[in-house]
Amino acid sequence: MIQLYPLTLAMAVGFGLVTSLAAALAPALAASRVEPAEAMRGESPGGGGRPSLLERIIAPLQKMPVTWRMALRGAGRNPRRSLYTILGVVLSLMLAVR
């Protein structure tokens, strides 16, 4: 028999709202500090592309398909974002498997 626990449901919704607001706070504050003209300018790539450190150390990685190398380079450019993404996927899998 399935039972509904209103307190548990309310706590889950509250926890979801608090964590979502906390996660959105830092990017929102950073975006609010950027001047409008600078925000509209956009970013232009600087200099030519070059192999990442991992590609230079492990030679067979240079023979991988371009799409795979782009993914590796993207993960290397912003390791904190990559770590948070991996952590989010692992935690969501833990919830799904349980």
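The values are calculated or read from the model by the stated rules, or taken from the named source; none is laboratory data. What you are looking at is a predicted structure, and each value in this text was computed from that prediction instead of being measured. Positions of Cβ are generated from backbone atoms using ideal geometry, with glycine treated the same way; all protein chains shown enter the neighbour counts.
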Against the conditions (1) touching a helix residue (DSSP H, G or I) at 6+ places or on another chain (Cβ under 8 Å); (2) more than 29 Å from Leu95 (Cβ to Cβ), where does Leu72 fall short? Just the number, please. (2)
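Evaluate segment 12-19: report whether one residue or more is under 29 Å from Gly76 (Cα atoms) and at pLDDT 90 or above.
Yes; the residues of segment 12-19 include at least one that is under 29 Å from Gly76 (Cα atoms) and at pLDDT 90 or above.
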Suppose we keep only residues that are part of a helix (DSSP H, G or I) and β-branched (Val, Ile, Thr) within segment 57-88. Which one would you say is nearest to Ala24 (Cα to Cα)? Thr85
If we scan segment 32-55, do we find a residue that is modelled with pLDDT of 90 or more and in a helix (DSSP H, G or I)? yes
